[in-house]
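Accompanying notes for the structure given below.
The values are calculated or read from the model by the stated rules, or taken from the named source; none is laboratory data. A quick note: this is a predicted structure, and the numbers were derived from the prediction, not measured. Every residue, glycine among them, receives a Cβ derived from its backbone with ideal geometry; neighbour counts consider all protein chains shown. These area figures cover heavy atoms from the full protein model, side chains too; ligands, DNA and RNA do not enter into them. Shrake-Rupley method; radii C 1.70, N 1.55, O 1.52, S 1.80 Å.
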Amino acid sequence: MVDRALATRSTLLGDAGLDAVRVFNGSSDGIDGLAIEKLGEVCIVQLHEEKLTWDEGRVRSLAEAFHSRLGTRAVYRKVFVRDRGHVPEHVSTLHRDRQPWIGEPVDEEIPVRENGLRLMIRPYDGFSVGLFLEHRDNRRRVRELAAGRRVLNLFSYTGGFSVVAAAGGAVSAASVDLSRRCLEWSKRNFAANRIDAGGHRFFRSEAFDFHRRARRQGHRYDLIILDPPTFSRVPHAKKVFRLAVDLEPLVAGAVDLLEPGGIILLAANDREIPLARLEESLHKARPERRCAIVERPALPVDFAGDPDYSKTVIARFE
């Protein structure tokens, strides 16, 4: 099982400019509810309670085999409980424990390589480590598209798309996120690549509030990245973002900020939202503006076998 999974990813694992790879991907590699990612010098094991049928002992043995074969320093585990809205205290504590499941502790923040760039991850900082590997190829595509463009990265998280846009020659990259902590993380990602963040902007804002402010101030963009979460609660407010409800107005608001000839990359990591709905949201956003779907990027090879995991559409607007 380990041999087969690694053989499938041999090209990725042999790439000197890349050390962030999903080396085991659930049922497509033989075990539903289990994912393992190599991120630099660590492995992250994701156990999804609602699907996983293996007991912890068997999973640990498999993780030890990957740890040995990949030569990592540590293995940390993430337990994805059925109800993410009510995470037991022992799970929260586990996710913030510097002591790994296997191996020796690593620094709180470490770099990984992707397409020749460095991005910082935090192995024991909650459910997520700061980098979503399913967007590796999308980040490369944004880098290719960014030259000379003004880029808006909405729901920017730790700024991966902003960094690659800047590296690709973007005139400016605006990163928008509710989390001040993630925006500071984004700035560290710029610094890790020796990219001067001075010409780029960082906005702590809710998406729809940013749309309104940007329209009022006359800001326009040539390339917009929309990678929204499935669910998000606005702190100190009664607002709740639900992708299933808010997708269409989110896309319409982005189109209002897009220059003629501009491009939107729209992605959704939500199994309940099909690719067809993403495309429809783009076509119907502003009927008076012609929309052409120019790409439907496939998931990277290390995510093969699970096409509903995440979908992406790239569209151009007149």
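Residues in segment 34-55 that are surrounded by 15 or more Cβ atoms within 10 Å (Cβ to Cβ), over 19 Å from residue 120 (Cβ atoms) and not aromatic (Phe, Trp, Tyr): how many?
8
Looking only at residues in segment 175-206 that are open to solvent by less than 10 Å² (accessible area, probe 1.4 Å), assigned to a helix (DSSP H, G or I) and touching a helix residue (DSSP H, G or I) at 6+ places or on another chain (Cβ under 7 Å), which one is nearest to residue 146 (Cα to Cα)?
Going through the qualifying residues, I end up with 190.
Is it the case, given these coordinates, that residue 31 is more than 23 Å from residue 112 (Cβ to Cβ) and either open to solvent by less than 60 Å² (accessible area, probe 1.4 Å) or within 19 Å of the chain's Cα centre (by Cα) (or both)?
yes
Please give the number of the condition residue 149 fails out of (1) in contact (Cβ under 8 Å) with a residue 40 or more places away in the chain; (2) within 30 Å of residue 89 (Cβ to Cβ).
For residue 149, the failing item is (2).
Could you please find all residues in segment 277-301 being more than 9 Å from residue 315 (Cα to Cα), open to solvent by less than 50 Å² (accessible area, probe 1.4 Å) and small (Gly, Ala, Ser)?
Listed by number, the residues that qualify are 281, 285.
Here's the yes/no breakdown for (1) of a type in the set (Lys, Arg); (2) at pLDDT 95 or above; (3) within 27 Å of residue 75 (Cβ to Cβ):
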{"position": "118", "(1), (2), (3)": "yes, yes, yes"}
{"position": "135", "(1), (2), (3)": "no, yes, yes"}
{"position": "141", "(1), (2), (3)": "yes, yes, no"}
{"position": "144", "(1), (2), (3)": "no, yes, no"}
{"position": "153", "(1), (2), (3)": "no, yes, no"}
{"position": "156", "(1), (2), (3)": "no, yes, no"}
{"position": "167", "(1), (2), (3)": "no, yes, no"}
{"position": "177", "(1), (2), (3)": "no, yes, no"}
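Report yes if residue 246 is under 22 Å from the mean Cα position of the chain (by Cα), assigned to a loop (DSSP other than H, G, I, E, B), surrounded by 13 or more Cβ atoms within 10 Å (Cβ to Cβ) and not small (Gly, Ala, Ser), otherwise no.
no
Take residue 267 and decide whether it is in a loop (DSSP other than H, G, I, E, B), closer than 19 Å to residue 155 by Cβ and aliphatic (A, V, I, L, M).
When the stated conditions are applied, residue 267 does not pass them.
So which pairs qualify, if the first residue must be in segment 36-54 and touching a residue at least 24 places away in the same chain (Cβ under 8 Å), the second must be of a type in the set (S, T, N, Q), the Cβ gap must be under 7 Å, and the two must be at least 6 apart or on different chains?
Cβ pairs passing all conditions: 38/72; 41/72; 42/72; 43/72.
Can you spot a residue in segment 20-32 that is modelled with pLDDT of 95 or more, at positive phi and in a helix (DSSP H, G or I)?
yes
Could you check segment 138-174 and list, in sequence order, the residues that are part of a loop (DSSP other than H, G, I, E, B), in contact with a Gly (Cβ under 7 Å, 6 or more places away or on another chain) and surrounded by fewer than 23 Cβ atoms within 10 Å (Cβ to Cβ)?
The answer is 147, 148, 169, 171.
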